[in-house]
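A.B. asks: First the structure, which I've put down as structure tokens, then a few questions once you've had a look.
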Number of protein chains: 2
Amino acid sequence: MNISQHSVTSTPDTARSSRGRQLVGNALQQCREFVTAQQLHAMLDQQLGLATVYRNLQALVAAGKADTVRTDSGEVAYRHCSTEHHHHLICRDCGTANEITAESVESWAAATAAQYGYQLIGHTAEVYGVCPQCIS
Amino acid sequence: MNISQHSVTSTPDTARSSRGRQLVGNALQQCREFVTAQQLHAMLDQQLGLATVYRNLQALVAAGKADTVRTDSGEVAYRHCSTEHHHHLICRDCGTANEITAESVESWAAATAAQYGYQLIGHTAEVYGVCPQCIS
DNA sequence: ACGAACATGATAACCATTATCATCTTGTCA
DNA sequence: TGACAAGATGATAATGGTTATCATGTTCGT
């Protein structure tokens with residue numbers, strides 16, 4: 001199963017500015033909601049190869065400039081995010097996601113790690129539900 | 001993206017008892033934690049085809065007898081439903097996982113959903129760190 | 001026991017994501 | 001500025017989990 005292994009392709013020592021970086025970065029910023037790599041690629045229509053879209057999205061995630069979420073169908077959805085830490089409230093029907101902050105969760109994570117003698121690295125927390133629009 | 005489309009293969013009008021049902025059902029009950037279809041298939045070593053394991057797991061989910069979760073690597077993990085709800089404290093180095101319960105997280109999830117007018121379905125929360133053994 | 005509806009197995013098909021590798025680009029240093 | 005090493009890109013093949021197909025074996029009401 002392996003909950004936390006990601007790509008092993010070596011990361012460059014220094015990142016450079018490039019056409020792809022800008023295109024993907026800008027496109028992602030213009031999307032308010034989560035988008036998949038495929039959607040973004042379609043959005044950039046022929047301006048950038050699919051593989052490059054994936055690479056740049058991963059770079060953004062690695063740089064802490066984008067969030068990812070797994071959809072029910074197994075795809076990875078990306079969204080530009082301000083670097084501050086937060087969680088998500090996601091609608092199972094329409095996929096709408098709200099960024100939420102929760103100090104209680106932060107302190108819970110810290111306390112839990114401490115209680116077991118763990119050196120804290122991070123935590124994830126997401127709430128799933130059906131949004132008001134989709135209920136009616 | 002499509003967050004909520006699942007298999008469209010028509011569902012039988014009546015379910016029957018069968019070897020596969022029992023094997024998968026029992027194996028899943030004996031696992032306290034989430035397991036993937038592949039793990040379960042390996043666990044049943046040659047007693048049941050992979051496709052059948054998938055089908056029976058899906059049937060259990062449809063019948064409300066199993067929960068599913070997407071792992072970071074995109075796999076679907078299944079768990080027998082009666083298992084009580086809890087979270088995990090996971091070591092990034094050795095993979096050790098501690099089950100933890102946290103009432104504060106439960107109430108936070110409920111409150112967050114309510115605040116946005118969402119009908120709560122569920123939530124996930126995991127803490128990552130380095131365990132004492134791996135620190136030293 | 002018969003037969004229609006189910007279930008299973010082996011395997012091909014799907015599809016999102018990754019890896020490969022030859023070919024540009026970028027940025028640095030002489 | 002020119003050369004070059006480290007990055008970045010594109011086209012495409014490869015991966016790998018999951019689903020569809022279809023011929024064949026089971027189940028169960030009658």
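What follows draws every value from the coordinates through simple rules; no lab data is involved. Treat the numbers as computed from the prediction; the structure is a model and nothing was measured. No Cβ is skipped: glycine too gets one built from the backbone with ideal geometry, and neighbour counts run over all protein chains shown.
A.B. asks: If you count, for every residue in A:66-72, the Cβ atoms of partner chains within 10 Å of its Cβ, what is the mean?
C.D. replies: The shielding value for this peptide is 4.
A.B. asks: If you take every residue apart from B:ARG70 with its C-beta less than 14 Å away from the C-beta of B:ARG70, what net charge results, scoring Lys and Arg +1 and Asp and Glu -1?
C.D. replies: Around B:ARG70, the surrounding residues sum to -4.
A.B. asks: Ok, one more. Mind listing the label-point distances from B:ASP13 to the same position on all other copies, shortest first, one decimal in nm, points 7 Å along Cα→Cβ?
C.D. replies: Computed spacing set for this position: 7.1 nm.
A.B. asks: What average number of partner chain Cβ atoms lie no more than 10 Å from the Cβ of the residues making up A:103-114?
C.D. replies: Mean number of neighbouring Cβ atoms from other chains: 5.
A.B. asks: Which angle between 0 and 90 degrees, to the nearest 10, do you get for helix A:19-30 versus the longest principal axis of chain A when only C-alpha atoms count?
C.D. replies: Long axis of A:19-30 versus the principal axis of chain A: about 50 degrees.
A.B. asks: Where does helix A:50-62 land angle-wise versus the long Cα axis of chain A, in degrees 0 to 90, nearest 10?
C.D. replies: Approximately 40 degrees, to the nearest 10.
A.B. asks: List the distances, in nm to one decimal, from the label point of B:VAL61 to the label points of the same position in every other copy, shortest first, placing each label point 7 Å from Cα along the Cα-to-Cβ direction.
C.D. replies: 2.0
A.B. asks: Can you give me the angle between helix B:103-115 and the longest principal axis of chain B, using Cα atoms only, in degrees from 0 to 90, rounded to the nearest 10?
C.D. replies: 80
A.B. asks: Starting from a label point 7 Å past Cα on the Cβ side, list the distances from B:GLN119 to the same position in the other copies, nm, shortest first.
C.D. replies: Copy-to-copy label distances at B:GLN119, shortest first: 4.7 nm.
A.B. asks: Tell me, which longest segment in chain A has none of the GluC sites (Glu not before Pro) that fall in DSSP loops with at most 12 further Cβ atoms within 10 Å?
C.D. replies: Longest stretch, sites excluded: A:85-136.
A.B. asks: Explain nothing, just the number: relative contact order of chain A, from Cα pairs under 8 Å at least 6 residues apart, as a whole percent.
C.D. replies: On the way: 139 pairs, mean separation 25.4, N = 136.
Answer for chain A is 19 percent.
A.B. asks: Counting only other residues whose beta carbon sits under 10 Å from that of A:THR52, what net charge do I get with K and R as +1, D and E as -1?
C.D. replies: Cβ neighbours under 10 Å give a net charge of +3.
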